[in-house]
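Please read the structure below before turning to the comments.
The values are calculated or read from the model by the stated rules, or taken from the named source; none is laboratory data. Worth saying up front: this structure is predicted, and the values here are computed from it rather than measured. As a convention, Cβ positions derive from the backbone with ideal geometry for all residues, glycine included, and neighbour counts pool all protein chains shown.
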Amino acid sequence: MYIPYGRQWIEEDDIQAVAQALKSDYLTTGPRVEEFERYVADYVGAKYAVAVSNGTAALHAACYAAGIGEGDEVITSPITFVASANSVLYCGAKPVFADIDPNTYNIDPAEIRNKITPRTKAIIPVHFTGQPCDMDKIREIALEHNLIVIEDAAHALGADYKGKRIGSISEMTTFSFHPVKHITTGEGGMIMTDQKELYERLLMFRSHGITRDSSKMTAHDGAWYYQQIDLGFNYRITDVQCALGLSQMKKIDLFIRRRREIAARYNEAFRQMDGIKIPFQAEGCHNSWHLYVIQVLNEDRQKVFDGLTKRNIGVNVHYIPVYTQPYYRNNGYADIMCSHSERAYARFISLPMYAKLTDHEQDYVIEQVKLLVQE
Ligand SMILES: *Cc1c(COP(=O)(O)O)cnc(C)c1O
């Protein structure tokens, strides 16, 4: 038995949905793309959605649509996957790292304030593990300084912030459908927005910067005619993937309910242990639990990690502070140090968390953690 830290849950109905798409007229750019977009938009409470080939493409497209470019700075968290910051680099702009709140592990609004300069154009808050960031404070800062907010919600499909679904709050919000995330399309991503202008820019960027909208073209030459008016990419997603995504979305409530149950069982098991810090519960928020991250307070983290791995438990560490990566160190981040991020990173372990994890498997994980972390 091997228990990974995260994995997909594919059933017969998902397989049928994919088979149907394969037998249909469209393998890509067909009706299932819009159907999937509509379904997720309705679920999160957004007006528009653009599905793309992966979550990183979603972030890149959002940065492009926001007009982020050379000379701009974008503030994000160091405790995230490299994609959040890389998407800023793709646009020729500079990621600026603001330290986390040591309780929530999310970007600290006070630290965002400290990092604002006349060049700051946007903020990319990351809802780490599915716990919503302090969006009221972040939106207040954005309003004050005229900044765009792009929420990296790769962890937070189905999470709520003060009664609002993540995906309905900021100018843009991005999701990922990688197999370890809440629902999967194999690879896939989506950008949510309420603004028509952003929506149109996202659509164009997804397909080479090409438009067929005559109001945006400088000439007209017939029904076949299109114009490339900017430099975009091929970031399209297939109908086959969207068929899987739609089928998965129909089970999202079950998936999230199960993740919340698992989190509650871990909390219960570790609450009384001095050697473990369990995740913080932010008031008024509903975490959707992409990850379950503990801090190992007294034991050597390496020892606990290796011990669990040896017992066939696929633990992980999320995340290595992005600015410590050699690529960042070699490109102007040699002197950066966010102390809360580094301290948390040194103690973090992500335990198995996915809807298909059974009580029996989880009990084994709990037992092994307890054996390795002295009470
Ligand atoms: C998964 C993830 C991404 C990237 O998504 P992909 O679909 O793998 O490209 C971006 N940000 C965060 C925080 C993620 O967890």
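Has the range 110-120 got any residue that is touching a residue at least 24 places away in the same chain (Cβ under 8 Å), in contact with a Leu (Cβ under 8 Å, 6 or more places away or on another chain) and in a helix (DSSP H, G or I)? No.
Among the residues of the range 292-331, those that are surrounded by 18 or more Cβ atoms within 10 Å (Cβ to Cβ) and aromatic (F, W, Y) comprise Y292, F305, Y319, Y323, Y328.
Would you confirm whether any residue within the range 301-318 is under 21 Å from Q362 (Cα atoms), in a strand (DSSP E or B), within 16 Å of the ligand (Cβ to nearest atom) and touching a Leu at 6+ places or on another chain (Cβ under 6 Å)? Taking every residue of the range 301-318 in turn, none turns out to be under 21 Å from Q362 (Cα atoms), in a strand (DSSP E or B), within 16 Å of the ligand (Cβ to nearest atom) and touching a Leu at 6+ places or on another chain (Cβ under 6 Å).
Exactly one residue out of I237, I229, I150 is in the same structural domain as A58 (by TED's automatic domain parsing) and closer than 30 Å to D14 by Cα, and it is I237. With respect to (1) out of contact with any Leu (no Cβ under 8 Å at 6 or more places or on another chain); (2) at negative phi; (3) surrounded by fewer than 24 Cβ atoms within 10 Å (Cβ to Cβ); (4) touching a residue at least 60 places away in the same chain (Cβ under 8 Å), the lone exception for A17 is condition (1).
Quick check, is Y64 within 16 Å of the ligand (Cβ to nearest atom) and more than 16 Å from the chain's Cα centre (by Cα)? Break it down into steps so the answer makes sense when it comes.
Values: within 16 Å of the ligand (Cβ to nearest atom): yes; more than 16 Å from the chain's Cα centre (by Cα): yes.
Answer is yes for this residue.
Contact map, the range 36-55: residues that are farther than 19 Å from K181 by Cα and aliphatic (A, V, I, L, M) paired with residues that are within 16 Å of the ligand (Cβ to nearest atom) and in a loop (DSSP other than H, G, I, E, B), Cβ distance under 7 Å, separation 6+ or inter-chain. Pairs shown: A46/G167. Look at the range 206-217: where a residue is in a loop (DSSP other than H, G, I, E, B) and a partner is among the small types (G, A, S) and surrounded by 15 or more Cβ atoms within 10 Å (Cβ to Cβ), sitting 6+ places away or on another chain with Cβ atoms under 8 Å, you get H208/G232; G209/G232.
Residues in the range 168-188 include at least one that is in contact with a Phe, Trp or Tyr (Cβ under 9 Å, 6 or more places away or on another chain), hydrophobic (A, V, I, L, M, F, W, C) and surrounded by fewer than 24 Cβ atoms within 10 Å (Cβ to Cβ).
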